[in-house]
1. Name the residue that is most open to solvent (accessible area, probe 1.4 Å), counting only residues in segment 5-41 that are out of contact with any helix residue (DSSP H, G or I) (no Cβ under 8 Å at 6 or more places or on another chain) and part of a strand (DSSP E or B).
2. Please specify each residue of segment 43-72 satisfying the condition of being of a type in the set (Lys, Arg) and without any contact (Cβ under 8 Å) to a residue 40 or more places away in the chain.
3. Name the residues in segment 45-79 that are farther than 16 Å from residue 121 by Cα and open to solvent by less than 30 Å² (accessible area, probe 1.4 Å), would you?
4. Can you find a residue in segment 160-171 that is assigned to a helix (DSSP H, G or I) and open to solvent by 20 Å² or more (accessible area, probe 1.4 Å)?
5. Cβ contacts < 6 Å: first residue closer than 15 Å to residue 153 by Cα, restricted to segment 181-198; second residue open to solvent by less than 50 Å² (accessible area, probe 1.4 Å) and among the aromatic types (Phe, Trp, Tyr), any location; separation 6+ or different chain. Result?
6. State the number of residues belonging to segment 87-99 that are open to solvent by 20 Å² or more (accessible area, probe 1.4 Å) and either in contact with a Ser or Thr (Cβ under 7 Å, 6 or more places away or on another chain) or modelled with pLDDT under 95 (or both).
7. Of the residues 82, 111, only one is modelled with pLDDT of 95 or more and either out of contact with any Asp or Glu (no Cβ under 7 Å at 6 or more places or on another chain) or open to solvent by 10 Å² or more (accessible area, probe 1.4 Å) (or both); which?
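The values are calculated or read from the model by the stated rules, or taken from the named source; none is laboratory data. Because the structure is predicted, anything quoted here is derived from the model rather than measured. Note: ideal-geometry Cβ built from the backbone for every residue, glycine included; neighbour counts use all protein chains shown. What goes into the accessible areas is simple: the full protein's heavy atoms, side chains included, and nothing from ligands, DNA or RNA. Shrake-Rupley method; radii C 1.70, N 1.55, O 1.52, S 1.80 Å.
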Amino acid sequence: MIIYGRNAVREALKAGKVVTLHALGRLGKDEVVSLARANQIQVKLADESSLTKMAKNPSHQGFVAICQDIEPVSLDALIQKASQSKYPLLLMLDGIEDPHNLGAILRSADALGVDGIIIKNRGEAPLNSTVAKVSTGAICWVDVCAVTNLNQAIEKLKLKGYWVVASDGEARQSYDEVDYRCPIVLIVGSEGFGISRLVLKNSDFIVKIPMVGHVNSLNASVSSAILLAQIALSRK
């Protein structure tokens, strides 16, 4: 995997994911380069055009890293790791196809204490360089599980004691009317199609974010951040 951008590369270095770091020649003494060298990571100095070609994007900020692939974890491993939290919190995404949305969601998930993200292994945004850049490196810290069937995953999680909360604009219950002090799976769907009918049917609670403006929908990453912030606040 190619990861580019100062923050994303720095986090990849901290997480031990970087194999080789490529940096602008004038940044040879930068803290990111020093961090790589301190960890015995090979550093290659290059020019602007070479880095842009490697990243396939001019917004690399002078840093491009060749990294180990970000491998999804199994659902069992995710459940086991989350069980160490007082109140486990998993975020399930249904139909998020935009890598910018996924990257922003990963960033919020890292900031707000999500134990892991569950996505479908087909039809979702892949864990690629764009996701890594937008997440500012959170992709290296938040576990992602890819499953074949979301409903089967929900049934397994329910058996493990999780309550399933789905976000839907047509819901009657407000998102701040649920007691989140228990193991929670929060489900967020795409802006265009929302959450699939069967996934909604299998949810324990269907909630909405009340809105008073003229635009009646929010970006999926913004909705995720609002919902996760409410869960974090209500658990204090």
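1. Among residues in segment 5-41 that are out of contact with any helix residue (DSSP H, G or I) (no Cβ under 8 Å at 6 or more places or on another chain) and part of a strand (DSSP E or B), the one most open to solvent (accessible area, probe 1.4 Å) is 19.
2. 44, 53
3. 46, 51, 55, 60, 62, 63, 64, 65, 67, 79
4. So far as segment 160-171 goes, no, none of its residues is assigned to a helix (DSSP H, G or I) and open to solvent by 20 Å² or more (accessible area, probe 1.4 Å).
5. Qualifying pairs under 6 Å: 183/162; 185/162.
6. Total satisfying the criteria: 3.
7. 111
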